[in-house]
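Here is the structure we will look at, set down as structure tokens.
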Ligand SMILES: [Fe+2]
């Protein structure tokens, strides 16, 4: 049974939406929608920070929880001189684990995609295969599966991301910065563009 529940009918009273179907919309209405989306861009950073905080609830047998792992990955990237995009990507690379570990790399990469350059997107997208070098053999999987990317222009960066930052970041004794330290950078990167692309 379908219920008309007021919770799902909240609208912004500053606007006067007068359509109930997209094929009734006008250019003027889309202009208003785009302007609203731009005003709300700051919510993206807030939401990403909320997701990162939630990673603290995932430990799953590892020596540190997933938030600590993410912070350590970012801290190692920062010590190595990573730029802002790479640094935020390091912080967010496992955010997809909140949904599903088996495709977490793709989830994280797609969240980052509108905000980072192609190279950074790709490194996050394939990072699990590069991480496999350090543990896939325990599952009788091919630990060298990332060799198939040899020759890719970002192969060396992906090797470095995994080998020197990601796979190293499970150390309970590592001096880990708090999430607050990276908050301004997260807000800066995720407020860069209006991701509004239209459609519902
Ligand atoms: Fe990781």
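The values are calculated or read from the model by the stated rules, or taken from the named source; none is laboratory data. Everything numeric in this text was worked out from a predicted model, so none of it was measured. All Cβ positions, even for glycine, are placed from backbone atoms using ideal geometry, and neighbour counts span all protein chains on display.
General remarks:
- Test: residue in segment 164-172 that is part of a helix (DSSP H, G or I), within 11 Å of the ligand (Cβ to nearest atom) and within 30 Å of residue 42 (Cβ to Cβ): yes
- Flag for residue 48 being more than 15 Å from the ligand (Cβ to nearest atom) and buried (at least 21 other Cβ atoms within 10 Å of the Cβ): yes
- Comparison of 77, 105, 56, 82 shows that the only residue that is crowded, with 19+ Cβ neighbours inside 10 Å, at pLDDT 95 or above and more than 14 Å from the ligand (Cβ to nearest atom) is 82.
- Residue tally, condition within 11 Å of the ligand (Cβ to nearest atom) and assigned to a helix (DSSP H, G or I), over segment 90-102: 7
- Number of positions in segment 144-159 that are buried (at least 16 other Cβ atoms within 10 Å of the Cβ) and either in contact (Cβ under 8 Å) with a residue 24 or more places away in the chain or assigned to a loop (DSSP other than H, G, I, E, B) (or both): 4
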